[in-house]
Amino acid sequence: MTAAVLYEKDDETVIMTLNRPEALNSINRQLRQELNEAIVRFDRDDQARVAIITGAGRAFCAGRDLKERAADNAAGVQARANDSMGADSLAWFERTWKPMIAAINGYAMAGGWAIAQICDLRIAAEDAMMGITETRWSLLPPFATVLPKLIPMAAALELVMTAKPITAQRAYEIGFVNHVVPKERLMEEAKALARQITENAPLSVRYFKELAYRGVDMSEPALAALTRHLYDQLLRTEDSKEGPRAFAEKRKPQWKGR
């Protein structure tokens, strides 16, 4: 069986490539399972600092494999919300506090948008098209319920209600995409961004990601308490001593991630 997700390690950066180009990298059971396994593998690898998710061929990911869904329907298999693209968004895919970058090389529709959304930073090729198309097929995009935390409410509602794809430039304008680059430079730019991240202390990066995501729904006192807790943890690490020492000695820090 051909792998639905390719896993490659380039120094401290992991590259996960969705690998069903003949189906525009649509999400079937195999791809979902293998992407989850790849995220867990990345999370558990102490030498892996940043992950990039991209797609093979002309698409990033065209969303849920509706041919598989149609076959299930024909076989009398009743679909349920938690079997679909994220009744828990976010629970459809594994989570990591390590940073992940989406390198959006082409179509990113429905579940493809969701995969980009679970990443922390997004770089898109100039010709990429993105959309949340579930309403076109009488489905719901549960992952989009948290989208107003990332982009304006009106933009999120327009995306879902019209099901109309948008350009990479428009995705940049509404704040979903960090950078838009020529397609031939997409992976080069994604890797450069990953290298910039790996220059910094890994625990600082991870702890801030955790604070940023958890803090969205926390009260200010609760967030302050979590910040103190994580900062105290950080200050007890070897890296927290290495940083100031490297600064004083005018040299590059040697991070250990502990």
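The values are calculated or read from the model by the stated rules, or taken from the named source; none is laboratory data. Since the structure is predicted, the reported quantities are computational estimates derived from the model, not experimental observations. All Cβ positions, glycine included, derive from the backbone under ideal geometry; neighbour counts span all protein chains shown.
What to note about this one:
- Test for PRO142: is it modelled with pLDDT under 95 and either surrounded by 17 or more Cβ atoms within 10 Å (Cβ to Cβ) or in contact with a Phe, Trp or Tyr (Cβ under 8 Å, 6 or more places away or on another chain) (or both): yes
- All positions within the range 230-256 that are surrounded by 13 or more Cβ atoms within 10 Å (Cβ to Cβ) and of a type in the set (Gly, Ala, Ser): SER240, GLY243, ALA246
- Selected residue [free of Cβ contacts under 8 Å to residues at least 40 places away in the same chain and more than 30 Å from ARG251 (Cβ to Cβ)] from ASP127, ASP232, ASP217: ASP217
- Taking the criterion of being among the small types (Gly, Ala, Ser) and surrounded by fewer than 24 Cβ atoms within 10 Å (Cβ to Cβ), the only residue of the range 117-130 that qualifies is ALA125.
- Pairing residues of the range 60-71 that are outside any helix (DSSP H, G or I) with residues that are at pLDDT below 70, at Cβ distances under 9 Å and at least 6 apart in sequence or on separate chains, gives GLY63/MET85; ARG64/SER84; ARG64/MET85.
- Of residues in the range 156-168 being out of contact with any strand residue (DSSP E or B) (no Cβ under 6 Å at 6 or more places or on another chain) and in a helix (DSSP H, G or I), the one surrounded by the fewest Cβ atoms within 10 Å (Cβ to Cβ): MET161
- Restricting attention to the range 95-139 and to residues that are hydroxyl-bearing (Ser, Thr, Tyr), in a loop (DSSP other than H, G, I, E, B) and farther than 14 Å from ILE166 by Cβ, the residue that is modelled with the highest pLDDT turns out to be THR96.
- Among the residues of the range 241-258, at least one is touching a Ser or Thr at 6+ places or on another chain (Cβ under 8 Å) and either in contact (Cβ under 8 Å) with a residue 60 or more places away in the chain or farther than 30 Å from LEU147 by Cα (or both).
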